[in-house]
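Everything on this sheet refers to the single structure shown next.
The values are calculated or read from the model by the stated rules, or taken from the named source; none is laboratory data. Model, not experiment: these values are computed from the prediction. Positions of Cβ are generated from backbone atoms using ideal geometry, with glycine treated the same way; all protein chains shown enter the neighbour counts. Surface accessibility is based on the protein's heavy atoms, side chains included, excluding ligands, DNA and RNA. Shrake-Rupley method; radii C 1.70, N 1.55, O 1.52, S 1.80 Å.
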Amino acid sequence: MKDMLKVYRIFCNRIYSIVVLVLFPALAIGIYTMLTGRLAEWSLFIIAIYMMVLGVFGDFFCYNGINSKDFQFGLFRNTLNGRKNLKLAIVTDQIRRLLQISFVLLICGAITLSSNSTLNKCEIVLLTLILIAFVYGANSIIISLLRFITEYTIYMGTAFILVSIFGAAVSVLILYRYEYMTINLWAWLIVFIVLDVIGSFLAVKMPLRNFDRSFKEREV
Amino acid sequence: METQAVISCINIEKKYKNFKLKVDKVDFPKGFATALIGENGAGKTTLLELIAGLRLDHEGEISYFGKYSEKDREEDPVVKNSIGYTGTGNYFMPGWNLKQTKEVQELLFDGFDGDKYDEILKELAFSADNKTDANKKVNSLSDGNKTKLMLAGVLSRNTDLLLMDEPASALDPLMREKLCEIIREYLAEAEGEKSVIFSTHNIADMENVTDYAVIVENGEIAEQGFVEDLKEKYTYVKGDKKDEELGKKYMYDMTTNNYGFEGLCLSDDLDKLAGADIITETPTLTQLSVGIMRANTRLKLA
């Protein structure tokens, strides 16, 4: 556990941790509390997008460019412990990501339970779990793609596009639920759990693949 | 001089788009400081990175400490832990602060001594704006201070071999002298069991610490040997303009000006210049290196 925290801090410094782990989640819960009275479970979708944006934009300040061929792993390549610690750092970050999203959305979900929602309690809980799975999976896939980009403006522009695409996917969920009443929430949960597995795999595998590749050159 | 080899490279070949490193055989002697000398793009950094295990795809074999192979280097922590490497480029992540550089090295390297790290930084007069600041970011440091950080890092571990790529290039003259002192102290620590291999352009500054020279040109080893032996093998010759044609025939390398010529001659060929009006002297390492590089270079010189 101590090693996990140490290695996590290699990439995610104190300021990042304070802003991303404390400040923004507190802000999210505060905003949600204000919104939920008027919007009920709709606010969950808003906070889900907010958490997605936070995760995606925040990652630039930690793992910026770690999948790109120009990323220099420096010290990590000089020791046999380098790959192991790199993997530990990324896995710890993924665990942190899931816990953070779960924490915020579960609190928001709990607040929704006491709101004037049209959903019953079971549906609210299921919807919360679906959004946790969705946000985590979407985040993991988006950052796996964005980690190829090192340039700030290009990163932010691409991040907006990708978040919009995934945000649109959530809109489909809303459309089916409220317009056609045909959605099976359990089916969506399973779909997003599969998304989580894919996202986690990509988020961990791609930096390690890049690390292994950094020892080889393209030859002619 | 018969010595053991700390690193042996045999039939090394590594190809790039417009360049090929080809080393038939080079043995870096144990217990000595070896300078890897060559012009830009000669292949010094590539060779050092192959030895350090930072580039894995190449042909040929490299052996370590007389008994370990490259496979051992990648599998047995004893081998890689015994090697300290400092290079150019981003060794530390630019966003790390000074405290993190120490924490990371404690995590990544077995046997890293944090207290010794702090001590060495003090000894190197490491400063950021004349005061040590644990929160100062690596990317805000000068190149000289970054070099000092790297040096402090490798010297805080228990290594048997230091591989240093251009360690002196970012350092001021006083600090280069300090670097030479550090290398001498490192070699003296374990009575001939420790070795240093460094690449350099600052031949003059590193000459007084160099025991063995490997001169790389066009991706090949142009010359190698103990400096004292090379100084016996070659003689620095200065001659008059009238003997220039004779010089061109027998000199290994020479330059001419309005007054005459000068350059390297193989000591065995000196008698062929007997009739000429020449002055001979023992070459410095700089003269040796420049002469040998010039004789083998692709660079178009006047």
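A few points about this structure:
- Selection status of A:ILE141, away from every other protein chain (no Cβ under 14 Å) and either on the phi < 0 side of the Ramachandran plot or open to solvent by less than 10 Å² (accessible area, probe 1.4 Å) (or both): yes
- Residue match in the range B:129-150 (condition: of a type in the set (S, T, N, Q), in contact with a strand residue (DSSP E or B) (Cβ under 8 Å, 6 or more places away or on another chain), away from chain A (no Cβ under 13 Å) and open to solvent by 60 Å² or more (accessible area, probe 1.4 Å)): yes
- If you go through the range B:24-37 and keep only what is out of contact with any Lys or Arg (no Cβ under 9 Å at 6 or more places or on another chain), buried (at least 17 other Cβ atoms within 10 Å of the Cβ) and not acidic (Asp, Glu), you end up with B:VAL26, B:PHE28, B:PRO29, B:PHE32, B:THR34, B:ALA35.
- For A:LYS216, the conditions (1) over 30 Å from B:TYR91 (Cβ atoms); (2) assigned to a loop (DSSP other than H, G, I, E, B); (3) open to solvent by 40 Å² or more (accessible area, probe 1.4 Å); (4) not polar (S, T, N, Q) are fulfilled apart from (1).
- Of all residues in the range B:76-94, those satisfying the criterion of being outside any loop (DSSP other than H, G, I, E, B) and either buried (at least 19 other Cβ atoms within 10 Å of the Cβ) or at the interface with chain A (Cβ under 8 Å from one of its Cβ atoms) (or both) are B:PRO77, B:VAL79, B:LYS80, B:ASN81, B:ILE83, B:GLY84, B:TYR85, B:THR86.
- Answer residue from the range B:33-75, given it is over 20 Å from the mean Cα position of the chain (by Cα) and of a type in the set (Ser, Thr, Tyr) and is nearest to the other protein chains (Cβ to nearest Cβ) among those: B:TYR68
- Every residue from the range B:107-124 that is assigned to a helix (DSSP H, G or I) and more than 8 Å from every other protein chain (Cβ to nearest Cβ): B:GLY114, B:ASP115, B:LYS116, B:TYR117, B:ASP118, B:GLU119, B:ILE120, B:LEU121, B:LYS122, B:GLU123
- Where a residue in the range A:1-27 is touching a residue at least 12 places away in the same chain (Cβ under 8 Å) and within 13 Å of another protein chain (Cβ to nearest Cβ) and its partner, wherever it lies, is assigned to a helix (DSSP H, G or I) and among the β-branched types (Val, Ile, Thr), with Cβ under 6 Å and at least six apart: A:MET4/A:THR92; A:TYR8/A:THR92; A:ILE10/B:VAL104
- Annotation note: of B:THR235, B:THR286, the sole residue that is farther than 30 Å from B:VAL79 by Cα, modelled with pLDDT of 90 or more and either in a strand (DSSP E or B) or basic (Lys, Arg) (or both) is B:THR235.
- Considering only residues in the range B:198-244 that are in contact (Cβ under 8 Å) with a residue 40 or more places away in the chain and of a type in the set (Lys, Arg), the one that is surrounded by the most Cβ atoms within 10 Å (Cβ to Cβ) turns out to be B:LYS231.
- Contact map, the range B:95-106: first residue more than 8 Å from chain A (Cβ to nearest Cβ), second residue open to solvent by less than 20 Å² (accessible area, probe 1.4 Å) and part of a helix (DSSP H, G or I), Cβ cut-off under 7 Å, separation 6 or more or different chains; pairs are B:THR101/B:VAL138; B:THR101/B:LEU149; B:LYS102/B:GLY114; B:LYS102/B:TYR117; B:GLU106/B:GLY114.
- On the stretch given as the range A:76-112, residues that are more than 28 Å from B:PRO94 (Cβ to Cβ) and open to solvent by 60 Å² or more (accessible area, probe 1.4 Å) total 4.
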